[in-house]
Protein chains: 2
Amino acid sequence: MGEERLSREAILTTALRIVDDEGIDALTMRRLAATLEVNPMSLYHHLPNKAAVLAGLAELVFAGLELPDPGDAVPWQEQLKDAARAYRNALRAHPNLALQVLSDTSAVSEVVVVVVEPFYRALDRGGLSPRQIFEAVNTIIDFIHGFALGETSVRSETFDLAPDLLTRVQDLPAGKAPTLARVVGELGPEGLAYDFDSGFESGLTVLTAGIAAGVRRGR
Amino acid sequence: MGEERLSREAILTTALRIVDDEGIDALTMRRLAATLEVNPMSLYHHLPNKAAVLAGLAELVFAGLELPDPGDAVPWQEQLKDAARAYRNALRAHPNLALQVLSDTSAVSEVVVVVVEPFYRALDRGGLSPRQIFEAVNTIIDFIHGFALGETSVRSETFDLAPDLLTRVQDLPAGKAPTLARVVGELGPEGLAYDFDSGFESGLTVLTAGIAAGVRRGR
DNA sequence: ACCTGAACACCGTTCAAGT
DNA sequence: ACCTGAACACCGTTCAAGT
């Protein structure tokens, strides 16, 4: 118990476990110290404050992300999708941390530089101009961020949203959202059974098609 | 001073002002009560707890959002973009609140039902199937969420990110992100001067093109 | 250099009491 | 019904002191 020297790494590992197990709100400096069987103040010798702990956790989330270069065998569209899938997977590996990661500007911009290479590589192979690449990557990254936000906010009630949506739409004052009501009605409960995986793939299909269209048009 | 009766509405209005002026962290029940010149406990007669205050604020953000039906005069692609612009504008009207709004599942799903109608209407006019509409709307909403997240996280240093990105990329170990380094180098500092408005438009262009491609292909 | 105990200035919320 | 004061069980962090 506590016989090992305290270290930044040990602190962050324990912090990550607390967040994964009990959520971001459970992570307090005092609780963290208690779990490490150490005085709360000892933490401040390894990390300047709580913000630094959170930033350190954001680092950890991306530490595992590695993407092999698939070479020219696979088409650029598929390379792009693979990059997107890997990034999404990194974000949802620690759902309780996703919000923190996504909203910590410094964490994101620090890491985005390395995360972003596979996207650039795919689009470069697709023959896009530097400007087109830059804008397309920003767009797809924003989509992934928004998707991950939705995906990780909903704890694990993945499919419970469908009936909710259906009844909520039907309870609306008549004429408030007529198109929505009709379309949702036509889809029915089974059509609304939302699956995050296929939703993500559907988004990727739209985005790659849109990017390809821009290239073809020579924009 | 305080001669008027306390009300849920008055509490939320004051809370919104605090958040707009000083950020989300400045909003505490005690601080809110002090601003209202009232005992902290009085708040609890109008709102059950702090979470309810935050949820109420999320409501307020969307309260102002109203979108006129442009009719059939304007093409569906432009209708879709207008819906997206209106939604983005609602999210950035109170930047300090955006993160709260986006991460509060109940707030989002409550409001999404009404926010979403213009998107459905545009895509319905575009001749998409119910399934296509459902998926396309989810995708574009996710993009807007991710975009708004980035846009509102960066306080007001809009363009300061460009030189940062450039130097950070150039400081990378050689070969770590070669494509990124080359593309960013070709863009140069002026090419990287990121503008949120044009970045958003660029995303919308990609998305509408991708959606249109899916329709044309009859997917 | 690393760890500690006591203390400061805060939190959200409960509870019993007032009007 | 609405408001209050005192109290409880927490926070992050500073500071002076220990080894």
Per GNM of chain A with C-alpha springs under 10 angstrom, the most fluctuating residue out of A:R182, A:R85, A:R17 is A:R182
Among B:V74, B:V101, B:V137, the residue with the largest mean-square fluctuation in a Gaussian network model of chain B built from Cα contacts under 10 Å is B:V74
Fewest to most Cβ atoms within 10 Å: B:S7, B:S153 sort as B:S7, B:S153
Inter-copy distances for A:G23, nm, shortest first, label points 7 Å along Cα→Cβ, are 2.4
Within 10 Å of the Cβ of an average residue in B:165-178, the count of other chain Cβ atoms is 2
In degrees rounded to 10, the 0-90 angle between helix B:196-216 Cα long axis and the longest Cα principal axis of chain B is 60 degrees
Checked against the positive end of the charge dipole of segment B:8-63 (+1 on Cβ of Lys and Arg, -1 on Cβ of Asp and Glu, about the Cα centre), the farthest of B:H45, B:A26, B:A55 is B:H45
One decimal, nm, nearest first: from B:E9 to the same residue in each other copy, label points 7 Å out along Cα→Cβ, the values are 6.0
Here the Cα Rg-to-2.2 N^0.38 Å ratio for the protein assembly as shown is 1.04
Output field shielding_mean for B:92-105 (other chain Cβ, 10 Å radius) holds 2
With Cα coordinates, the longest principal axis of chain B makes an angle with the long axis of helix B:105-115, in degrees rounded to 10, of 70 degrees
Total charge of the residues flanking A:V169 in space, meaning their Cβ is under 11 Å from its Cβ, with Lys and Arg +1 and Asp and Glu -1, is 0
Length-normalised contact order of segment A:70-219, Cα under 8 Å, at least 6 apart, in percent, tallies to 28 percent
Magnitude of the Cβ-charge dipole (Lys and Arg +1, Asp and Glu -1) of chain B about the Cα centre, nearest 20 debye, reported as 740 debye
Cα convex hull volume per residue for chain B, in Å³, equals 175 Å³
Nearest 10, in degrees from 0 to 90: the angle of helix B:8-22 to the longest Cα principal axis of chain B is 50 degrees
For B:H45, inter-copy label-point distances (7 Å, Cα→Cβ), nm, shortest first, read 5.2
Treating only Lys and Arg (+1) and Asp and Glu (-1) as charged, each at its beta carbon, one finds that the protein assembly as shown has a dipole about its Cα centre, in Debye to the nearest 20, of 540 debye
Largest fluctuation, A:L180, A:L43, A:L57 only, Gaussian network model of chain A with Cα springs under 10 angstrom, belongs to A:L180
Row for segment B:8-63, column shape: gyration tensor on C-alpha, a ≥ b ≥ c, rounded if a/c < 1.5 i.e. under 1.5, prolate if a/b over b/c, else oblate; value oblate
So B:L172 and B:A10, fully extended at 0.36 nm per residue minus their Cα-Cα distance, gain in nm 53.1 nm
Nearest-0.05 FRET efficiency for A:V114 and A:R92 at R0 = 25 Å, using Cβ-Cβ distance, is 0.85
If every Lys and Arg gets +1 and every Asp and Glu gets -1 at its Cβ, then about the Cα centre segment A:8-63 yields a dipole, in debye to the nearest 20, of 220 debye
Most exposed to least, judged by fewest other Cβ atoms within 10 Å, B:D171, A:D124 sort to B:D171, A:D124
Contour minus Cα-Cα span, A:D72 to A:A26, at 0.36 nm per residue, comes to 11.9 nm
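Readers should treat all values here as calculations from the given coordinates under stated rules, not as data from a laboratory. Quantities reported herein were computed from a predicted structural model and do not represent experimental measurements. Cβ coordinates were reconstructed from backbone atoms using ideal geometry, including for glycine residues, and neighbour counts include every protein chain displayed.
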